[in-house]
Amino acid sequence: MDSFSWGIGAALRTSGEVKPRYKMQSLAARDIRDNSALAALAKLGALADAEWRVLEINVQIERQRGLIEKLAFQGHDIASAADILEGLHVSLTLAVRERHRVYSVLHSMGPAR
């Protein structure tokens, strides 16, 4: 049975392969000079990209946990698989920080006009 993630990434299936829907967006202040329609699109693109990265890493973590359970059940060494899981957790922490940064920048810019 497929599971879905709700929110900005609602259209992405979390049980299948997750692919980026947007190219990475730069959110530097110099890139967005006013509250034009282009700036609003850039805001949405950056937000979608940040949300997608968190979603993708969560899917990878779940896959890795499943692999570790399978390897442990079969009596295999799970040290390398556990190291990869730890690295995924670090990546998730960094992605969540980036998402928070994007939210902060968007909040400080105010609504698009």
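Could you give the semi-axes, largest first, of the ellipsoid that matches region 37-109, computed as the square roots of 5 times the alpha carbon gyration tensor eigenvalues and rounded to whole Å?
35, 11, 6
Quick one: if you stick a label point 7 Å off each Cα along the C-beta vector at Leu67 and Ser91, how many nm between them?
Distance between label points: 1.0 nm.
How about region 45-113: which chymotrypsin sites (Phe, Trp or Tyr not before Pro) there are in a DSSP loop, with at most 10 other Cβ atoms within 10 Å of their Cβ?
Qualifying residues, ordered by number: none.
A short reminder: the numbers here are calculations on the coordinates, not readings from a lab. These numbers were taken from a predicted model, which means no experiment stands behind them. Heads up, the Cβs are rebuilt from the backbone with ideal geometry, glycines too, and the neighbour counts pull from every protein chain shown.
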